[in-house]
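Structure first, commentary second.
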Amino acid sequence: MAKKIAVLPGDGIGAEIVPPAVKVLKAAAGKYGHEFEFRWGLIGGAAYDETGHPLPQETLDLCRESDAILLGAVGGPRWDNLPVHLRPEAGALLPLRKQLGLYANLRPVKVFPQLADASSLKSELVSGLDIMVVRELTGGLYFGEKKKEEIPGGYRVVDTLVYTTDEIDRVARLAFALAEKRGGKLTSVDKANVLESSRHWREYVQGLAEEYPNVELEHMYVDNCAMQLVRAPKQFDVLVTENMFGDILTDLAAQLTGSIGMLPSASIGGEAALYEPIHGSAPDIAGKDLANPLATILSAAMMLRITFNMEEAAADIEQAVTAVLDKGYRTGDIMQPGMKQVGTKEMGELVLEHLSG
Ligand code: NAD
């Protein structure tokens, strides 16, 4: 029976980067004898414009009925002044993750050897870099109670960082299991010198360590971790951390790879898993055929590997991306002297050619 994939391009460059990834999935399916049914839906500002809500019930139902979801990105200046619950990120992305129970966001940070020079760090610091950040996705600072109340002289504004032991348990276990399969090292990142939630996080994760004797566990404060990621990123294997810490650290880590346009992600743990590039809708370059589609194409490869267990097809897509980079093709964000600059569409076609060939 055909596997069902919900396709949600969203806003900005979403409409440009998602179609090439769908073409690549179709080609991989053809090549390896799989069958996918793609069903497209609206999300974010595009959904708000059409239906009055950034996450229409129809889209939520579509996601629930699918085996996996491929998402572009949401948001843009046009929708920034809407009430918070109608804004693309707060009103669609966060609730979608929460409703589907996607509590773990896996963000592999890999440096393609061809792009080691595109990093803002010296190439010897980043070449061969391969780390996995596990970001907790449905708790922490993004989901705690928020308040804004008027007080004499202005406002009192509140965001809260909340975790339950269960929420820490499931994401930490997933990170330990990943570390076991990879290099055997797990860094748990917190702010236990200041935050109560972090102190419990650290104590609990430490308690789990005895169940994973093959994993070397270390704890690190988030501020130090940011510094270590630019000082000596290769010291890390798997990192696990709170929602907002993970959001910030992975944007930082993205730059190690040369461009945010190269980093895929998978959000797992609940109903259908969600695959998306880590970048946003890049309104500054939207509609100009400038966006790098590789993060989305690599997210599609993660989908094949994680949700559908199609390792061969996933590796083939990654190999096609490597081959295209080997031949010197680059989108503007990863362009270097002597390379051939191509647009979004052409980059997608090149990956397709190298997959079929
Ligand atoms: P962004 O990631 O969209 O862009 C940051 C910078 O990276 C920009 O200069 C952009 O041109 C560049 N960039 C991003 N993706 C690229 C790609 N594939 N190829 C080439 N260059 C790329 O972040 P931002 O500017 O802070 O946010 C823009 C909008 O996206 C906002 O509305 C924000 O809320 C939203 N956003 C959405 C998501 C998501 O949907 N998951 C994530 C982050 C931000």
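The values are calculated or read from the model by the stated rules, or taken from the named source; none is laboratory data. What you see is a predicted model; the values in this text were computed from it and never measured. Every residue, glycine as well, gets a Cβ built from its backbone with ideal geometry; the counts of neighbours run over all protein chains shown.
Key figures for this structure:
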| quantity | calculated |
| --- | --- |
| Among residues of the stretch 131-162, those that are in a strand (DSSP E or B) and more than 21 Å from the chain's Cα centre (by Cα), counted | 13 |
| Candidates T296, T257, filtered to the one that is on the phi < 0 side of the Ramachandran plot, modelled with pLDDT of 95 or more and β-branched (V, I, T) | T296 |
| Options L239, L174: the member that is part of a strand (DSSP E or B) and within 26 Å of I317 (Cβ to Cβ) | L239 |
| Neighbours by Cβ (under 8 Å, 6+ apart or cross-chain): first from the stretch 12-36, outside any helix (DSSP H, G or I); second β-branched (V, I, T) | I13/I285; I13/T344; F36/I5 |
| Among the candidates D67, D49, D61, residue that is closer than 22 Å to G269 by Cα and surrounded by fewer than 17 Cβ atoms within 10 Å (Cβ to Cβ) | D61 |
| One residue from V74, V126, V111 being more than 30 Å from A323 (Cβ to Cβ) and β-branched (V, I, T) | V74 |
| Filter pass, R97 being within 15 Å of the ligand (Cβ to nearest atom), at pLDDT below 95 and not hydrophobic (A, V, I, L, M, F, W, C) | yes |
| Residues within the stretch 1-40 that are within 12 Å of the ligand (Cβ to nearest atom) and among the charged types (D, E, K, R), tallied | 2 |
| Inter-residue pairs, beta-carbon under 7 Å, first part of a helix (DSSP H, G or I) and in the stretch 105-130, second acidic (D, E), 6+ apart | Q114/D326; S123/D117 |
| The stretch 44-87, residues that are free of Cβ contacts under 8 Å to residues at least 40 places away in the same chain, within 24 Å of K4 (Cα to Cα) and in contact with a strand residue (DSSP E or B) (Cβ under 9 Å, 6 or more places away or on another chain) | A46 |
| Flag for L125 being at pLDDT below 95 and not hydroxyl-bearing (S, T, Y) | yes |
| Some residue of the stretch 276-283 being buried (at least 20 other Cβ atoms within 10 Å of the Cβ) and out of contact with any strand residue (DSSP E or B) (no Cβ under 8 Å at 6 or more places or on another chain) | no |
| The stretch 159-184: number of residues that are over 19 Å from E145 (Cβ atoms) and touching a strand residue (DSSP E or B) at 6+ places or on another chain (Cβ under 7 Å) | 9 |
| Test: residue in the stretch 125-143 that is more than 20 Å from L239 (Cα to Cα) and surrounded by fewer than 17 Cβ atoms within 10 Å (Cβ to Cβ) | no |
| Qualifying residue in the stretch 170-185 (condition: in contact with a Ser or Thr (Cβ under 6 Å, 6 or more places away or on another chain) and either at positive phi or modelled with pLDDT under 95 (or both)) | no |
| Residues that are in contact (Cβ under 8 Å) with a residue 24 or more places away in the chain and not in a strand (DSSP E or B), drawn from the stretch 184-208 | G184, K191, A192, N193, L195, S197, S198, H200, W201, Y204, V205, L208 |
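Yes or no, residue by residue, for (1) in contact with a helix residue (DSSP H, G or I) (Cβ under 8 Å, 6 or more places away or on another chain); (2) at pLDDT 95 or above:
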{"position": "E196", "(1), (2)": "no, yes"}
{"position": "E210", "(1), (2)": "no, yes"}
{"position": "E218", "(1), (2)": "no, yes"}
{"position": "A253", "(1), (2)": "yes, no"}
{"position": "G270", "(1), (2)": "yes, no"}
{"position": "Y275", "(1), (2)": "yes, yes"}
{"position": "S281", "(1), (2)": "yes, yes"}
{"position": "A291", "(1), (2)": "yes, yes"}
